[in-house]
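Asks: One structure, pasted below without further comment.
The values are calculated or read from the model by the stated rules, or taken from the named source; none is laboratory data. Source: prediction; values computed, not measured. When we count neighbours, we look across all protein chains shown, and the Cβ atoms used for this are built from the backbone with ideal geometry, even at glycine.
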Amino acid sequence: MLIWIIGFALIAAVGSIAAASLILLFPIEKRKKVLPWLISYATGTLLGASFLGLLPEAMETLSNAETLGATLVGIILFFILEKLIIWRHCHQHDCDAHNRAGVLIMVGDSVHNFIDGIVIAMAFLVSVPLGIATAFAVISHEIPQEVGDFAILIESGYTKKKAFLFNLFSSFSTLVGGILGYFFLSSMEKSMPYLMAVSAASFIYVAVADLFPNLHKYTALSHTILQILFIVLGVFSIVLIRSLSHSHSH
């Protein structure tokens, strides 16, 4: 199981950076056109992994009230963290985070990536299919976030090479979180359903607090239709991966 966690933590860490850096090779106008669809797709994968994966798994052990209570606590916790700028993700060029030092952005990213690693480890300790779906959701929502981080660092005066190296360095905290999560969570089986609910809260919070507001900037009917389609595609991707993974495990 540790090999699964390390493998998918590495894929999440390196894959999102590689995909984001490829996107940055496109002219800025084309990049602006692609980013909303990436954000829409990422939103679907986050919501799908939360409501179709993590929360149902937690409810198999906990009561509905306990699961929803833990999720509520998690949402409030991540709101407080974002207020303290410990965890901050921004996809808009004119947001407050862009006026802060690039190093602060990387610190926030490292904390979030570390949490992502723990989420991946926790999901794999429940089942391989849930772990794969969760890792896929992490990768999907990290791509547009990494694109935003590249823009922040370049705006802060970093060269493209240095911005890439900084992002790559911070992304490896996903691997650290995955390994530590494996050894820490394996001795806390009774706490895992609560942690799953809190982890689902982190996905829901990112989708609702960070990604949805960005999508609302695009008000044209054609944009709205495409956003909905990509969100549904993201949810369907989670359903498909979980279905295929379950069939393979059987």
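Asks: Would you mind finding the one in 193, 213 that is without any contact (Cβ under 8 Å) to a residue 24 or more places away in the chain and farther than 17 Å from residue 143 by Cα?
Replies: It is 213.
Asks: List, please: which pairs have Cβ atoms under 7 Å, are six or more places apart or on different chains, and start with a residue in region 29-57 that is farther than 14 Å from residue 226 by Cβ and end with one that is buried (at least 16 other Cβ atoms within 10 Å of the Cβ) and of a type in the set (Phe, Trp, Tyr)?
Replies: 45/136; 46/203; 49/203; 50/203
Asks: Report, ordered by the first and then the second residue, all pairs with beta carbons closer than 6 Å, sequence separation of six or more or different chains, a first member in region 66-78 that is closer than 8 Å to residue 201 by Cα, and a second member that is among the β-branched types (Val, Ile, Thr) and assigned to a helix (DSSP H, G or I).
Replies: 74/198
Asks: Then there is this: Among the residues in region 115-127, are any over 22 Å from residue 60 (Cα atoms), outside any helix (DSSP H, G or I) and at pLDDT 80 or above?
Replies: no
Asks: Just to check your reading of the model, which residue among 3, 75 is aliphatic (A, V, I, L, M), out of contact with any Phe, Trp or Tyr (no Cβ under 6 Å at 6 or more places or on another chain), surrounded by fewer than 23 Cβ atoms within 10 Å (Cβ to Cβ) and assigned to a helix (DSSP H, G or I)?
Replies: 3
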